[in-house]
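To start, the structure under review is shown below, and the notes come after it.
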Amino acid sequence: MSNIQTKQRIPLEYRWSIKDAIKVLTAYMVFTFAGMPVLIRFIQTVFGFEIQTASPSFRTMILFVSLLANLLICLYICYIVRFEYGQSIVNLGLTLVNISDNIKIGLKRYLVTIPVIMLAGFIINVVFTYYGIMPEIQDVVQWVLDEDSTIVLACLIFFGIIVAPIMEEIIFRGFLIPALKSYFGMRYAIFISAAVFAAVHMDIFAFLQIFILGILLGYLYEKTQSLAASIVVHILHNSLTLALLMYFKFFMNGKVPVF
């Protein structure tokens, strides 16, 4: 790709609609909350063994099934874009145009946003504590803190840092925002996608922080017309989170402060 090409901004074209977004989100929910338990039971039945839920093998299987579910959703999105509407998947924001500039923009915006995310966590903690409600640690966070298997821990880190950010950006930014924008407009599309993104993490205590992160990621996608910045920021955020968890795990005896 030449320097001239990388300096151009190619506007994305979206033909899919909010109906397609509803289909994808429905499939996402079915795979996540219904399909995964069924698939796990199917694997256990086919291979003729019962795995203890606390064992490394079971956790490895959970990661594999989660990866498969997210991959199927991304493939479904690519099918809709490529075959139902005859468009290139580049229109999802999967482009390297202006990648270095876009990443710089993302990192600068993230540095400004991260204190806001931390402040939101502090405020939520204060509010819930005032009403006598103790914030709970997310299951995946507790999983990381409790996990003793190096292999499973490495798989968790790889999935959390690399796989999840890429797939989630394709789903919630590359596909969902354009579908919502055609019906609600850009601003509401970013807010709604951020709310959905936060909701699927199923953690009321972290909802506001994830919502703010989702707004930033949606803003970056719209500003750059590319997923490069949002993916890099998402990877960076998850990396910092996991780095803190590793610190708490090995140096703080698994005690995680709420922030």
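The values are calculated or read from the model by the stated rules, or taken from the named source; none is laboratory data. The structure displayed is predicted, hence computed values, not measured ones. Please note: Cβ atoms are built from the backbone with ideal geometry, for glycine as well, and neighbour counts cover all protein chains shown. When the accessible area is computed, the model is the full protein with side chains, heavy atoms only, and any ligands, DNA or RNA have been set aside. Shrake-Rupley method; radii C 1.70, N 1.55, O 1.52, S 1.80 Å.
Can you find even one residue in the range 57-76 that is part of a helix (DSSP H, G or I), of a type in the set (S, T, Y) and at pLDDT 75 or above?
As a first pass, look at the range 57-76 and keep what is part of a helix (DSSP H, G or I): 57-76.
Still in the running and of a type in the set (S, T, Y): 57, 60, 66, 76.
Remaining after also requiring at pLDDT 75 or above: 66, 76.
Yes, some residue in the range 57-76 is part of a helix (DSSP H, G or I), of a type in the set (S, T, Y) and at pLDDT 75 or above.
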Identify all residues within the range 178-195 that are under 17 Å from the mean Cα position of the chain (by Cα), in contact (Cβ under 8 Å) with a residue 24 or more places away in the chain and either outside any helix (DSSP H, G or I) or surrounded by fewer than 18 Cβ atoms within 10 Å (Cβ to Cβ) (or both); write none if there are none.
F191
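Taking into account only those residues within the range 210-221 that are open to solvent by 20 Å² or more (accessible area, probe 1.4 Å) and not aliphatic (A, V, I, L, M), which is farthest from L176 (Cα to Cα)?
Keep residues of the range 210-221 that are open to solvent by 20 Å² or more (accessible area, probe 1.4 Å), which gives 210-212, 215, 219.
Next, only the ones that are not aliphatic (A, V, I, L, M) stay: 211, 219.
Details: F211: 15, Y219: 13 Å.
That would be F211.
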Considering residues that are of a type in the set (A, V, I, L, M), closer than 15 Å to T32 by Cα and either surrounded by 19 or more Cβ atoms within 10 Å (Cβ to Cβ) or in contact with a strand residue (DSSP E or B) (Cβ under 8 Å, 6 or more places away or on another chain) (or both), the number found within the range 70-85 is 1
Which of (1) surrounded by fewer than 16 Cβ atoms within 10 Å (Cβ to Cβ); (2) outside any helix (DSSP H, G or I) does V126 not meet, given it meets every other one?
(2)
Name every residue in the range 222-242 that is surrounded by fewer than 21 Cβ atoms within 10 Å (Cβ to Cβ), β-branched (V, I, T) and in contact with a Lys or Arg (Cβ under 9 Å, 6 or more places away or on another chain), in order of residue number.
none
Where a residue in the range 134-153 is under 17 Å from F207 (Cα atoms) and its partner, wherever it lies, is modelled with pLDDT of 75 or more and among the aliphatic types (A, V, I, L, M), with Cβ under 7 Å and at least six apart:
Q138/A206; V141/L245
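May I ask you to say which residue of F248, F175 is assigned to a helix (DSSP H, G or I) and modelled with pLDDT of 95 or more?
On the way: F248 fails: modelled with pLDDT of 95 or more.
Result of the check over F248, F175: F175.
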Determine if the range 129-147 includes at least one residue that is at pLDDT 90 or above, open to solvent by 20 Å² or more (accessible area, probe 1.4 Å), small (G, A, S) and part of a loop (DSSP other than H, G, I, E, B).
no
